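First the structure, in the form of structure tokens, and then the observations on it.
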Amino acid sequence: MKRLSREHLSKIKTYKPGKPIEELKRELGLRDVIKLASNENALGPSSRVISGIARAVRELNRYPDSNCYYLKREVAKRFRLKPSNFIFGNGSDEVITFAMRAFLKKGEEAIIAKPTFLIYDIVAKVENVNVKHVPLKEYRYDLKSIKRAVTKKTKIIFISNPDNPTGTYVTKDEVEGLMSGLRRDIILFFDEAYYEFAKDIKDYPDTLRYLRKGRNIIITRSFSKIYSLAGLRIGYGIASEGMIESMNKVREPFNVNSLAQEAALAALKDDRFVMRTKRLVGEGKRFLYNELSLMEISYIPSVTNFILINIGRDAERVYNKLLKKGVIVRNMKAWGLDGFLRVTIGTMRENRIFIEALKEAL
């Protein structure tokens, strides 16, 4: 039978999301399930966000603002840029797709670390772009090796900072070392979905400074993590006006729904909620580090709201035992990290349940 899809799609592994709570409840007949698999904010949306959504519900008969006018004005004011420096997407994932469609053509090359956020590789292969993988070094991006991997075909370099799934980050000096002498026509794509958790670290790079200096840079940030809007799928990209104009040419109209826009606008103005989230994550991280150390389980120190844990060869068995106890974490086999689990930092109640379930599973 003649193939209907494009031939190269057969080589792409479909992304498999974490198991939903309701599905696990149905499968195993569980009543109480906690999900610590997808790096979501355990607090849920803030009261200001819920009020903003309630107001927007009354206008659901209208198409959303295709240009995200008010959101662009708000983020532009915060970062002292122009609204024309921003593009909004159905999650920051969609901005990755915009960049691939707008700037890369067949035969050009994307450099991607391995392992890292899976979407870079998937989107590059969907767009039929050559992909070069550069291994992490001690669970961190190796920017020196990435720079050595550049060829005349290289068009874009993806840098997840902080990285998912490791929770590590690259420093200002490392970024400047990569940029020094790098061809100016190469696009540096900084995926900063966990930016708010790391931005106050002394040597965390200020990528907006490079953008203001005229470098070909795209920066993405998300409302899914610290702002607790994962279910509404909204994120944004920051770049030069010319690059944003090109990405808008491949963006579908009305790609960001009206509820997401109102929620994101309210979330941006709720600094108290952001601080509350940071306190929760900090407290939970200290607790989990201590408990894992007492259990003699190694982990990768994280600057995000999740921890990569080295269980060893029994990781899949432990993952399945945790599922049966109503605790959903992420098995990292799909990333090539056999023996590892990734756990989101939850509420203190959820963290304690996870530790007790882990002790029993081991």
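The values are calculated or read from the model by the stated rules, or taken from the named source; none is laboratory data. In this text, all values refer to a predicted model and were calculated from it rather than measured experimentally. Using ideal geometry, Cβ is built from the backbone for each residue, glycine included, and neighbour counts are taken over all protein chains shown.
Here are some notes:
- Residue in region 84-99 that is over 17 Å from the mean Cα position of the chain (by Cα), surrounded by 18 or more Cβ atoms within 10 Å (Cβ to Cβ), β-branched (V, I, T) and part of a helix (DSSP H, G or I) present: no
- Qualifying positions in region 24-50 - surrounded by 21 or more Cβ atoms within 10 Å (Cβ to Cβ) and aliphatic (A, V, I, L, M): I34, L36, A37, A42, V49
- Test: residue in region 171-180 that is touching a helix residue (DSSP H, G or I) at 6+ places or on another chain (Cβ under 6 Å) and either touching a residue at least 60 places away in the same chain (Cβ under 8 Å) or more than 19 Å from D121 (Cα to Cα) (or both): yes
For (1) under 24 Å from the mean Cα position of the chain (by Cα); (2) at positive phi; (3) at pLDDT 95 or above; (4) of a type in the set (S, T, N, Q), each residue gets a yes or a no:
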residue	(1), (2), (3), (4)
F273	yes, no, yes, no
K278	yes, no, yes, no
E283	yes, no, yes, no
L288	yes, no, yes, no
L292	no, no, yes, no
S302	yes, no, yes, yes
N320	no, no, no, yes
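- Count of region 56-78 residues which are farther than 17 Å from N248 by Cα, surrounded by 15 or more Cβ atoms within 10 Å (Cβ to Cβ) and more than 24 Å from the chain's Cα centre (by Cα): 1
- The set of residues in region 248-267 that are farther than 22 Å from A99 by Cα and of a type in the set (D, E, K, R) contains only E262.
- Tally, over region 109-149, of residues that are assigned to a helix (DSSP H, G or I) and over 20 Å from the mean Cα position of the chain (by Cα): 5
- Considering region 296-357, there are no qualifying strands (runs of 3 or more DSSP E) wholly inside with 1 or more residues that are out of contact with any strand residue (DSSP E or B) (no Cβ under 7 Å at 6 or more places or on another chain).
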